[in-house]
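Trainee: The structure follows.
The values are calculated or read from the model by the stated rules, or taken from the named source; none is laboratory data. Small disclaimer: the values here were computed from a predicted structure and weren't measured. With ideal geometry, Cβ positions are generated from the backbone for all residues, glycine too; neighbour counts draw on all protein chains shown. Quick note on the areas: whole protein, heavy atoms, side chains included, nothing else; ligands and nucleic acids left out. Shrake-Rupley method; radii C 1.70, N 1.55, O 1.52, S 1.80 Å.
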Amino acid sequence: MLSTSFAQALPVFTQGLLLCFSLIVAIGAQNAFVLRQGLRREHVLPVVAFCALADATLITAGVLGMAQAVSRHPALAQGMALAGAAFLAWYGWQALQRARHTSQLQAADGGPGLSRGAAMAQVAAFTLLNPHVYLDTVMLMGSIGAQHPAGLQAWFIAGSSIASLIWFTGLGFGARWLAPLFARPRAWQVLDALIGLTMWTLSLLLLRLALQGA
């Protein structure tokens, strides 16, 4: 029973982990700010904790909210799965297009320091005032996580939340080692290519799930 449960949970956990990594690893204001704080070694723990907890909260709200909607409207599940597959395919194509061009993530190490309150206010703004965060966590991840049975949804949330925690922890506390890598355009081209292929794989899996429910 334990091995069967683990065998069922592991793919769901892995799906959440890979999907969150694919969405969160991008050049953006939030990541640049976390990198900046890490380079300055300034309020790194509360900034990292805020980012990870915000993602976990939004993903949990999205999965549970979408699951309730699906339970009330069973036909909605297939539509959400098809829409999610289409979005992942589009996102994967966008990532592969980015891989064709050079880009880099840099954070200035100079300038005046921030108080803890100012740092938290800025990271909250970069996180919660970005409309894409709600599209990624509440809508997309929520709709995909809601496709799983109720007993497995927690595993999807756990995988997604751990991916966010690993990313922001590494970005904040490993900034001095990661900054030179992220400043290299080639590194982002490789990352975007991997993200694109991962998104297409997840899209195909979600499409198969939708067609099975047809």
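Trainee: For L152, indicate whether it is among the hydrophobic types (A, V, I, L, M, F, W, C), part of a helix (DSSP H, G or I) and without any contact (Cβ under 8 Å) to a residue 60 or more places away in the chain.
Mentor: no
Trainee: What tally of residues in segment 170-183 results from selecting those that are assigned to a loop (DSSP other than H, G, I, E, B) and either buried (at least 16 other Cβ atoms within 10 Å of the Cβ) or at pLDDT 80 or above (or both)?
Mentor: Within segment 170-183, residues that are assigned to a loop (DSSP other than H, G, I, E, B) and either buried (at least 16 other Cβ atoms within 10 Å of the Cβ) or at pLDDT 80 or above (or both) number 1.
Trainee: Another question, then. Can you pull out the residues in segment 184-199 that are open to solvent by less than 50 Å² (accessible area, probe 1.4 Å) and more than 16 Å from G16 (Cβ to Cβ)?
Mentor: P185, A187, W188, Q189, D192, A193, G196
Trainee: Criterion first (open to solvent by 20 Å² or more (accessible area, probe 1.4 Å) and modelled with pLDDT of 85 or more) does L10 satisfy it?
Mentor: In short, yes.
Trainee: Considering (1) of a type in the set (A, V, I, L, M); (2) under 25 Å from P131 (Cα atoms); (3) at pLDDT below 95, say which one L17 fails and leave the rest.
Mentor: L17 satisfies all of (1) of a type in the set (A, V, I, L, M); (2) under 25 Å from P131 (Cα atoms); (3) at pLDDT below 95 except (3).
Trainee: If L82 satisfies all but one of (1) surrounded by fewer than 15 Cβ atoms within 10 Å (Cβ to Cβ); (2) farther than 25 Å from A158 by Cβ, what's the number of the condition it fails?
Mentor: (1)
Trainee: Here are some conditions: (1) more than 25 Å from Q37 (Cβ to Cβ); (2) buried (at least 17 other Cβ atoms within 10 Å of the Cβ); (3) at pLDDT 85 or above. F87 meets all but one. Which one does it not meet?
Mentor: Tallying (1) more than 25 Å from Q37 (Cβ to Cβ); (2) buried (at least 17 other Cβ atoms within 10 Å of the Cβ); (3) at pLDDT 85 or above, F87 fails exactly one: (3).
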